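Quick notes on the structure that follows.
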């Protein structure tokens, strides 16, 4: 094999269609664009969601609900998972910075602890919110809770 004998695999290359280069090319006249209308003109662009004159889906389907601009999104940690996280990441204090460093939350996330499950270890919590049931379970296990704003 020599460099000057290399060529592409059979069928991997195709001839370019030369559109609008006269009748003899077979693609002359209207240049495969059909007859007249916006789509045959230069600079044609259809609007987003245009369905050829049919009523578009965003207008056919009714609107429902709304987005509450005052909603506060929390990342939830259940009490039942605390022992697992403590063992896996070696955490004894569940603060926002510790959770972020270990990849459990994002940098701007707010954290809320919920009371689903049981806790065995004694841990310190510095979180944005906590449920009454979770607080009772943590304090019963000998842990401390501090709400951070």
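Derivation of every value follows stated rules applied to the coordinates shown; laboratory data play no part. Here the structure is a predicted model, which means the values were calculated and not measured. No Cβ is skipped: glycine too gets one built from the backbone with ideal geometry, and neighbour counts run over all protein chains shown.
The Cα atoms of the stretch 74-147 cover 30, 23, 18 Å along the three principal axes, with the biggest extent listed first.
By how many nm would the segment from residue 9 to residue 109 grow when fully extended, if each residue of separation counts as 0.36 nm and the alpha-carbon distance is taken off? Please report the intermediate quantities before stating the final value.
On the way: separation 100, 0.36 × 100 = 36.00 nm, distance 5.36 nm.
Full extension from residue 9 to residue 109 adds 30.6 nm.
For the stretch 3-70, a Kirkwood hydrodynamic radius built from all Cα pairs, placed in the Stokes-Einstein relation at 20 °C and 1.002 mPa s, yields a translational diffusion coefficient of 120 µm²/s. Computed from the Cβ-Cβ distance with R0 of 35 Å, the FRET efficiency linking residue 71 to residue 41 stands at 0.15.
If you run the Gaussian network model on the chain, springs between alpha carbon atoms under 10 Å, then out of 137, 42, 86 the most flexible one is 42. When Rg and Dmax are taken over the Cα atoms of the chain, they come to 32.3, 90 Å. Once both labels are positioned 7 Å from their Cα atoms along Cα-to-Cβ, the gap between residue 48 and residue 141 label points is 4.7 nm.
Comparing 13, 92, 32 in a Gaussian network model of the chain (Cα springs below 10 Å), the most mobile by mean-square fluctuation is 13.
Using 0.36 nm per residue and subtracting the Cα-Cα separation, the extra length available between residue 122 and residue 149 on full extension is 7.4 nm.
For the pair residue 78 and residue 57, label points projected 7 Å from Cα toward Cβ lie 3.4 nm apart.
Of 91, 61, 138, which is the most mobile in a GNM of the chain whose springs link Cα atoms less than 10 angstrom apart? Most flexible of the set in this elastic network: 61.
For the pair the stretch 26-43 / the stretch 74-143, the C-alpha centres are spaced 65 Å from each other.
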